[in-house]
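Just below is one structure, and these are the notes that go with it.
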Amino acid sequence: MLKKTVFLLGFAALMVTGTAYAKGTGYLFISNERDHTVSVLDGKTLEV
């Protein structure tokens, strides 16, 4: 259940904010425009 929730939150974040993929690392960097932070997701497991 937690994995599904993290996936859905990650997917929603991808749709709302800018996203960058670090080539060769598998990490996704997602900018949070409202609170001016960056979230880093593991591209394979979608964990923060």
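See the values below:
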{"quantity": "Matching strands (runs of 3 or more DSSP E) fully within the chain where at least 1 residues are modelled with pLDDT under 80 and not hydrophobic (A, V, I, L, M, F, W, C)", "calculated": "19-21"}
{"quantity": "Identity of the residue in the range 33-48, under 18 Å from residue 5 (Cα atoms) and not hydroxyl-bearing (Ser, Thr, Tyr), that ends up surrounded by the most Cβ atoms within 10 Å (Cβ to Cβ)", "calculated": "41"}
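The values are calculated or read from the model by the stated rules, or taken from the named source; none is laboratory data. Please read these numbers as outputs of a predicted model, since none were measured by experiment. In this analysis, Cβ positions are derived from the backbone assuming ideal geometry, glycine residues included, and neighbour counts consider all displayed protein chains.
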